[in-house]
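Visitor: Pasting in a structure now, in structure tokens, and then I'll have a few things to ask.
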Amino acid sequence: MKTYDGSNLKDIAAPEPSDWIWDGILKTHQKRPSLLLGLAESGKSTFAVQLAVATMQGAPCLDRATKKSKVIFWKSEDSAEDTKSDFVRAGWRDGDPLVLLLPDPEDNNVQCLADTLAQHPDTKLVIIETILDFLKIKDSNSTERVKAEMKRLEDAIWTNYPDCAVLLLHWFNKDEVSVDSQSITKINGSHAFATTTATKIYLHRVSDQDPRRWIYISARRGRELEPTYLVFDKATGTSTLGETRYAEKTRDKAQVKKSHEQDLTSKAIYTANENPGLVKGALAKKMGGNYQTALEKIDALIVQKLLIAVEGVSTKGGTPPQQIYVKGREPISPEELFKKFEATTVNKRAMVTFYSGLNNEGKILVYGKYPEHRQALDEGVRQLEEGLKQ
């Protein structure tokens, strides 16, 4: 056992300088490989090809710089023709420094990769699709077996080639993955896959009905990427970063709130229109739902002048209650009522028509204020009602 304290801690040599092959995400001299994780059809292969092409060309990938370098890509699931087609579609050009390894069943994959790295020591990125196929692990749930195979890979590859970053493709456990899961406990097989690796890149498809993908990156050392939707270009097979899931959820909540506000506005106006003159508290109760929220909505609509509050009469000598009307249906003051009625008295028919259109309270005020017109009003209203019956 080596012991360090204040006397010799300073003597520990500085770590060898590392290069970010993909800025803040994949780097050399890390000793641990990284994982690209997702369910089947989540886009792991497509994204791995995109990253490989970007690295070979020194182009940004998902808005982060890459270090232009040679890439070794080990792939067991597709033919050479299909794999080439995928690379060409993602932008690979003749001359881009790619070494493609397509294994035979009897190959010692670890040794083949080590031999290839010896032939191409300028390689900065190795991508393996998939780690289970590469290491031929039959029981991925065996922690002992997984650790042993990962140690064998470490001894053969990144111990001897520290200037190379390694990205392993692997699966999530389908039975345990929820839509919002990024937990390392969801990784298929033994927890050793999580403990023996560095950066984790998670890819998810939203659902069978929603084909959108989102990506989340967790880095031991580096810059993480919060869950963010990918904007996929079918023509090129490449993705760019879109909206974050947090932004989407925030926007959806705002939309729900806005919709609720609109519903509450409609309910308040409809209830006031059906119950003109109802005092504010009674109107809030009649609207249903949360009483305080309904009161606040009524007050807001009064400020916006969509509802009109008319001071009523207190029966107990306290603060007069507010009677609520929809704008345009509020009662006019007695003074204004009398002024408008007097303007109609020059014509009996117009006077009767105006009087008939008043509510009961208005009719009582006019009838009591102008006894000299009562006979004409009574006769005119009677004639109007008989005419309607005919």
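Any read-out appearing in this document is the output of simple, stated calculations on the displayed coordinates, not a laboratory observation. Since we're looking at a predicted model, the values are computed, not measured. No Cβ is skipped: glycine too gets one built from the backbone with ideal geometry, and neighbour counts run over all protein chains shown.
Visitor: For the stretch 334-384, compute the orientation-averaged projected area of the C-alpha convex hull (one quarter of its surface), in nm².
Guide: With the hull built on Cα positions only, its mean projection is 3.1 nm².
Visitor: For the cross-link pairs LYS2/LYS68; LYS84/LYS136; LYS27/LYS147; LYS70/LYS136; LYS151/LYS234, which exceed 31 Å when the distance is taken from alpha carbon to alpha carbon?
Guide: Working: LYS2/LYS68 39 Å; LYS84/LYS136 24 Å; LYS27/LYS147 22 Å; LYS70/LYS136 26 Å; LYS151/LYS234 39 Å.
Exceeds cut-off: LYS2/LYS68; LYS151/LYS234.
Visitor: Just tell me which aspartates and glutamates come within less than 15 Å, Cα to Cα, of LYS369; anything on the same chain fewer than 8 places away is out.
Guide: GLU335, GLU336, GLU342, GLU361, ASP378
Visitor: Now, a different point. Could you run the Debye sum over the Cα atoms of the chain, one equal point scatterer each and no solvent, and tell me log10 of I(q)/I(0) at q = 0.10, 0.13, 0.14 Å⁻¹, two decimals?
Guide: -0.75, -1.07, -1.17
Visitor: So, one more: If you stretched the chain out fully between HIS260 and GLU81, how much longer would it get, using 0.36 nm times the residue separation minus the C-alpha to C-alpha distance? Write out the running numbers ahead of the final one.
Guide: Working: separation 179, 0.36 × 179 = 64.44 nm, distance 5.48 nm.
Full extension of this stretch gives 59.0 nm more.
Visitor: How far, in degrees from 0 to 90, does helix 291-303 lean away from the longest principal axis of the Cα atoms of the chain, to the nearest 10?
Guide: 70
Visitor: For a footprinting-style exposure proxy, rank VAL326, VAL99 by other Cβ within 10 Å, fewest first.
Guide: By the 10 Å Cβ count, ascending: VAL99, VAL326.
Visitor: Can you pull the Kirkwood radius for the stretch 63-147, inverse mean 1/r over Cα pairs, to one decimal in Å?
Guide: When all Cα pairs of the stretch 63-147 are included, the Kirkwood radius is 14.5 Å.
Visitor: Could you work out how far apart the two model spin labels at ASP133 and ASN360 are, taking each label as a point 7 Å from the Cα in the direction of the beta carbon, and quote it in nm?
Guide: Calculated label separation equals 8.5 nm.
Visitor: Hey, what's the per residue convex hull volume over the C-alpha atoms of the stretch 109-158, in cubic angstrom?
Guide: Cα-based convex hull of the stretch 109-158, divided per residue, equals 70 Å³.
Visitor: Also, I was wondering about something else. Angle check, please: helix 143-153 long axis (alpha carbons) against the longest principal axis of the chain (alpha carbons), in degrees 0 to 90, nearest 10.
Guide: For 143-153 against the chain, the angle is about 60 degrees.
Visitor: Rounded to two decimals, what is Rg over Rh for the stretch 170-305 when you use alpha-carbon atoms and the Kirkwood radius?
Guide: So for the stretch 170-305, dividing Rg by the Kirkwood Rh gives 1.26.
Visitor: Still on this structure, please answer the following. Taking neighbour counts of Cβ atoms within 10 Å as a proxy for exposure, in what order, fewest first, do TRP74, TRP22 appear?
Guide: The fewest-first ordering by Cβ neighbours comes to TRP74, TRP22.
Visitor: Also: Only four residue types carry charge here, +1 at the Cβ of Lys and Arg and -1 at the Cβ of Asp and Glu. Report the dipole size of the stretch 334-384 about the Cα centre in Debye, rounded to the nearest 20.
Guide: Value, rounded to 20: 140 debye.
Visitor: 222 nm [θ] for the chain, helices only, -39500 (n - 2.57) per DSSP H run of 4+, per residue, to 500?
Guide: Result for the chain, helices only: -12000 deg cm²/dmol.
Visitor: Further question: If r is the Cβ-Cβ distance from ASN160 to ASP233 and R0 is 45 Å, what FRET efficiency results, to the nearest 0.05?
Guide: 0.75
Visitor: Beta carbons within 10 angstrom, averaged per residue: use that to sort the peptides 212-223, 244-255, 196-207, highest first.
Guide: Going from most to least packed, we get 196-207, 212-223, 244-255.
Visitor: Once the dipole of the chain is set up with Lys and Arg at +1 and Asp and Glu at -1 on Cβ about the Cα centre, which of GLY277, TYR355, TYR161 lies farthest towards its positive end?
Guide: TYR355
Visitor: Consider just the alpha-carbon atoms of the stretch 15-236 and return their Rg together with their Dmax, both in angstrom.
Guide: Rg then Dmax for the stretch 15-236, in Å: 16.3, 48.
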